[in-house]
Amino acid sequence: MRKDPILAVIGGSGLYEMDALKETELQEIETPYGSPSSPIMRGTLDGKEIAFLARHGFGHVVSPTQINYRANIYALKSIGVKKIISISACGSLREDYKPGDIVIPDQLLDFTKKRQSSFFEEGLVVHIGSADPFCPNLHKTVCEAMNMTIHDSQHHARLHRTGSLITIEGPRFSTKAESNLFRTWGISIIGMTACPEAFLAREAEICYTIIAHVTDYDVWHVSEETVSVEMVIKTLQKNTRLAQESIRTLLAMLDESQECACSHALADALLTQKTAIQKSAADKASIFIEKYL
């Protein structure tokens, strides 16, 4: 029987194509919220258990709007994951956040319109705290790991340890009017997948943070080429090795015994009186709330 993964990585399917990843197996998981984007790839990396989930499915077949974020997070919760790193592409809304740079954002703005953003439905009301949407402990460790990886690999990427990330619905890219509006709001980077993924991880009491790879200047920059699929893919392929090396570095740095407030994020979030919680709602979300009932 496998141990619980020390870390889960959500990102492109190419991330787990690592020679150092051993004892691999694909695990199919069905959840009360449907099927995840892909089977979970489990393995050991430098002797430590790790899991990978392809956010857009194998071969990138699921658009941002159609991703079953709830099933993805539930599936990782069900195998004992306590820490998640999201690897994603983003556009820059700042002159000083250049294509090729790495951003570990510390704030998040949800501009999506069509997504299921909570595990808790009719019969069970939960108000999760999200003032700081990313785990501060994991954020700090990821910054340290990425900085070390960039230095050791002599990669030319610059690391930005803060930034606000806005999630748009997609799958289209922004108009110039939208991009310029987001800039007036003080947003640093733009992407399509952080929400509701980050909020669901918080509801699941899993530590979560993002490593964002800047692929372009979105569409606002007057002297740079506007974002395209070709541009995004080219930068992501270039940074895949850096992402893989940073995961190995992070895995070695993680303290499994460290206590984190994320692990009891639901403690003061359940509003419905216990006697009024509908059984169907409680059963569906039991993996999250059982310890509080």
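Applying the condition of being free of Cβ contacts under 8 Å to residues at least 40 places away in the same chain and loosely packed, with under 14 Cβ neighbours inside 10 Å to the stretch 256-267 and asking which residue is nearest to Phe199 (Cα to Cα) yields Ala267. Among the residues of the stretch 1-45, write down those that are out of contact with any Gly (no Cβ under 8 Å at 6 or more places or on another chain), within 18 Å of Pro64 (Cα to Cα) and assigned to a loop (DSSP other than H, G, I, E, B). Within the stretch 1-45, Gly12, Tyr33, Ser35, Pro36, Pro39 meet the criteria.
Are any of the residues in the stretch 16-29 surrounded by 20 or more Cβ atoms within 10 Å (Cβ to Cβ), modelled with pLDDT of 95 or more and touching a helix residue (DSSP H, G or I) at 6+ places or on another chain (Cβ under 6 Å)? For the stretch 16-29, residues surrounded by 20 or more Cβ atoms within 10 Å (Cβ to Cβ), modelled with pLDDT of 95 or more and touching a helix residue (DSSP H, G or I) at 6+ places or on another chain (Cβ under 6 Å): absent.
Tally up the residues in the stretch 77-122 that are part of a strand (DSSP E or B) and charged (D, E, K, R), please. Before you say what the answer is, go through the steps one by one.
Pass one, the stretch 77-122, residues part of a strand (DSSP E or B): 83-92, 102-103, 107-111.
With charged (D, E, K, R) added as a condition, the list becomes 83, 110.
So the answer is 2.
Every residue in the stretch 131-154 that is assigned to a loop (DSSP other than H, G, I, E, B) and either of a type in the set (D, E, K, R) or surrounded by 15 or more Cβ atoms within 10 Å (Cβ to Cβ) (or both), please. Matches in the stretch 131-154: Asp132, Pro133, Phe134, Cys135. Considering the stretch 162-224, the qualifying strands (runs of 3 or more DSSP E), each wholly inside and each with 2 or more residues that are of a type in the set (Ser, Thr, Tyr), run over 164-168, 207-216. Here are some conditions: (1) at pLDDT below 95; (2) buried (at least 21 other Cβ atoms within 10 Å of the Cβ). Arg70 meets all but one. Which one does it not meet? Exception for Arg70: condition (1).
The values are calculated or read from the model by the stated rules, or taken from the named source; none is laboratory data. Owing to the predicted nature of the structure, the values given are computational and were not obtained by experimental measurement. Backbone-built Cβ (ideal geometry, glycine too); neighbour counts: all protein chains shown.
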